[in-house]
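The values are calculated or read from the model by the stated rules, or taken from the named source; none is laboratory data. If you're wondering where the values come from, they're calculated on a predicted model, not measured in any experiment. With ideal geometry, Cβ positions are generated from the backbone for all residues, glycine too; neighbour counts draw on all protein chains shown. The area values use the complete protein model at the heavy-atom level, side chains included, leaving out ligands, DNA and RNA. Shrake-Rupley method; radii C 1.70, N 1.55, O 1.52, S 1.80 Å.
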Amino acid sequence: MAEVIIVPDQATAGELVADAIQALVRHRPDAVLGVATGSTPLPVYRALGGRGLPLDRVRAFALDEYVGLPEGHPESYAAVVRREVTDPLGLDPARVRVPGDTGALRTAGEDYEAAIAAADGVDLQLLGIGTDGHIGFNEPGSSLASRTRIKTLTEQTRRDNARFFSSLADVPRHCITQGLGTILEARHLVLLAFGEGKAEAIAGAVEGPVTASLPGSAIQLHPHVTVVVDEAAASRLALAQYYRDVYAHKPEWQGL
Ligand code: PGA
């Protein structure tokens, strides 16, 4: 089962996950990170940035990207990754990829899969979760075996993301996202969620049936998953007390 760590606040989550990334990079300076956008992973990037680690050899693959935004739009995930991850952490922009960044949409999915494979896969994949249970932009109904491809966003996701745009009408309808099958090939999945609004999606992903109707539940198929949630996002987990006990008695040598 996934390891579930319930933390008091987002800053603690950020430090915990930064510890795992620091340990990974110490062991493998050219580690491959899977980076996520949205609000959730920001505490991780903030914590990492504060450590002054040498990350110039690290490679990174973003999970997803909007399709249809004008070139250079500040809310494109290429721009967000550059602003929140590449620049502040001192990554080499040439080693950071976002799906669709070759411009040729028709072959973008295959190109991205090939690039991930050429990098020998993702070592640690950061994930948020949508209120509708999506990971990446794999909306409900996505095949558990899906690969990087174009998808249509749900109205719920467009409404959730409207806060980043001037109006709902400006939120793109299409995206390109790593598939669930792609995500499941990363060697370590780290799923973060904060706030009551994510409680139902987290309970479904961690404890519900594995189903394409709740794409986050695909994490149950992976042998190494760490779920880091605050109390509010953990509030619907039936086994919360067990997760607390496990973590309280976790042997130091295990790491994340
Ligand atoms: P959020 O988005 O981190 O902005 O809440 C998560 C997601 O949609 O995957």
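Among the residues making up region 206-256, those that are open to solvent by 70 Å² or more (accessible area, probe 1.4 Å) and of a type in the set (A, V, I, L, M, F, W, C) are LEU221, ALA238, LEU239, ALA248, TRP253.
Within region 121-159, being closer than 14 Å to VAL210 by Cα and of a type in the set (Ser, Thr, Tyr) holds for SER142, SER143. Filtering region 154-193 to residues that are under 17 Å from the mean Cα position of the chain (by Cα), closer than 12 Å to THR131 by Cβ and not small (Gly, Ala, Ser) leaves THR157, ASP160, ASN161. Selection of region 135-150 for residues being within 15 Å of the ligand (Cβ to nearest atom) and either more than 17 Å from the chain's Cα centre (by Cα) or open to solvent by less than 20 Å² (accessible area, probe 1.4 Å) (or both) yields ILE135, GLY136, PHE137, ASN138, GLU139, SER142.
Annotation: of all residues in region 117-134 being more than 16 Å from the ligand (Cβ to nearest atom) and open to solvent by 20 Å² or more (accessible area, probe 1.4 Å), the one that is farthest from the chain's Cα centre (by Cα) is ALA118. Taking residues in region 38-51 that are under 20 Å from GLY136 (Cβ atoms), and partners anywhere that are hydroxyl-bearing (Ser, Thr, Tyr) and open to solvent by 40 Å² or more (accessible area, probe 1.4 Å), the pairs with Cβ atoms closer than 9 Å and at least 6 places apart or on different chains are PRO43/THR12. Per the listing LEU16, LEU48, the residue uniquely among the hydrophobic types (A, V, I, L, M, F, W, C) and open to solvent by 10 Å² or more (accessible area, probe 1.4 Å) is LEU16. Every condition in (1) open to solvent by 10 Å² or more (accessible area, probe 1.4 Å); (2) under 21 Å from ALA20 (Cα atoms) is met by GLY197 except one, and the failing one is (2). Among the residues of region 174-209, the one identified as of a type in the set (Asp, Glu), in contact (Cβ under 8 Å) with a residue 60 or more places away in the chain and within 18 Å of VAL4 (Cα to Cα) is GLU200.
If only one of PRO88, PRO74 is open to solvent by 40 Å² or more (accessible area, probe 1.4 Å), within 16 Å of the ligand (Cβ to nearest atom) and not hydrophobic (A, V, I, L, M, F, W, C), which one is it?
After ruling out the rest, the residue left standing is PRO74.
Determine if region 21-33 includes at least one residue that is in a helix (DSSP H, G or I) and in contact with a Pro (Cβ under 9 Å, 6 or more places away or on another chain). Checked against the condition, which is being in a helix (DSSP H, G or I) and in contact with a Pro (Cβ under 9 Å, 6 or more places away or on another chain), region 21-33 yields at least one hit.
Test VAL67 against the stated conditions and say whether it is surrounded by 17 or more Cβ atoms within 10 Å (Cβ to Cβ), within 14 Å of the ligand (Cβ to nearest atom) and of a type outside the set (Asp, Glu). For VAL67, the condition - surrounded by 17 or more Cβ atoms within 10 Å (Cβ to Cβ), within 14 Å of the ligand (Cβ to nearest atom) and of a type outside the set (Asp, Glu) - is not met.
When you go through VAL58, VAL98, VAL17 one by one, which is the residue that is of a type in the set (Val, Ile, Thr), in contact (Cβ under 8 Å) with a residue 40 or more places away in the chain and out of contact with any Ser or Thr (no Cβ under 7 Å at 6 or more places or on another chain)? If you could, list the steps in order and put the result at the bottom.
Values: VAL58 fails: in contact (Cβ under 8 Å) with a residue 40 or more places away in the chain; VAL98 fails: in contact (Cβ under 8 Å) with a residue 40 or more places away in the chain.
None of the others qualify; the one that does is VAL17.
The set of residues from region 153-186 being away from the ligand (no atom under 15 Å from the Cβ) and either on the phi > 0 side of the Ramachandran plot or touching a strand residue (DSSP E or B) at 6+ places or on another chain (Cβ under 7 Å) (or both) comprises ARG173, HIS174, ALA186.
The listed residues are GLY50, GLY34, and the only one of them that is at pLDDT below 95 and not acidic (Asp, Glu) turns out to be GLY50.
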